[in-house]
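Some notes on the structure that comes next.
The values are calculated or read from the model by the stated rules, or taken from the named source; none is laboratory data. The structure presented is a predicted model; accordingly, all values stated were derived computationally and were not measured. Because the Cβ atoms are built from the backbone with ideal geometry, glycine has one as well, and the counts that use them run over all protein chains shown. Just so you know, the surface numbers come from the protein's heavy atoms only, side chains and all, with ligands and any DNA or RNA stripped out. Shrake-Rupley method; radii C 1.70, N 1.55, O 1.52, S 1.80 Å.
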Amino acid sequence: MKLIESIVRPEKLADVQQALAESGFNAMTHFGVIGRGRQQGIRVGDVSYPELPKSVIHIVVDDAAKDEVIDIILDSAATGETGNPGDGRIFVVDVEESYTISSQTKDS
């Protein structure tokens, strides 16, 4: 299994959720964060915003679905025709074990 953690613009969260759901990936966790990437925030005139709001999405999928989920997120989270700096990042992490609390069982 893989944990796919994506950091996206908050205004793209609904688009990503909808695209994932339309492809059958309904289970996910998301939350709001504040941070910055390589662009180190944004400057508008004389005002500097060193950190910006982002949304983090966690989704765990079987290894075989990893590339499909990544492609969905890349397509639905990008802004403009080809994307823009600050659109976000995707991280993929191996999941060694998973347990369902209600049944107290180890997932396969």
Check Asp71, Asp87 and return the single one that is under 18 Å from Pro10 (Cα atoms), over 10 Å from the mean Cα position of the chain (by Cα) and among the charged types (D, E, K, R).
Asp87
Go through region 59-71 and count every residue that is open to solvent by 50 Å² or more (accessible area, probe 1.4 Å) and of a type outside the set (Lys, Arg).
7
Does region 72-84 contain any residue that is open to solvent by 70 Å² or more (accessible area, probe 1.4 Å), out of contact with any Lys or Arg (no Cβ under 6 Å at 6 or more places or on another chain) and not in a loop (DSSP other than H, G, I, E, B)?
yes
Residue count for region 69-85, restricted to those that are touching a strand residue (DSSP E or B) at 6+ places or on another chain (Cβ under 7 Å) and of a type outside the set (A, V, I, L, M):
0
Of Lys66, Lys54, the only residue that is touching a strand residue (DSSP E or B) at 6+ places or on another chain (Cβ under 7 Å), within 17 Å of Met1 (Cα to Cα), modelled with pLDDT of 90 or more and not acidic (Asp, Glu) is Lys66
Within region 85-108, residues in contact with a helix residue (DSSP H, G or I) (Cβ under 8 Å, 6 or more places away or on another chain) and in a loop (DSSP other than H, G, I, E, B) come out as Asp87
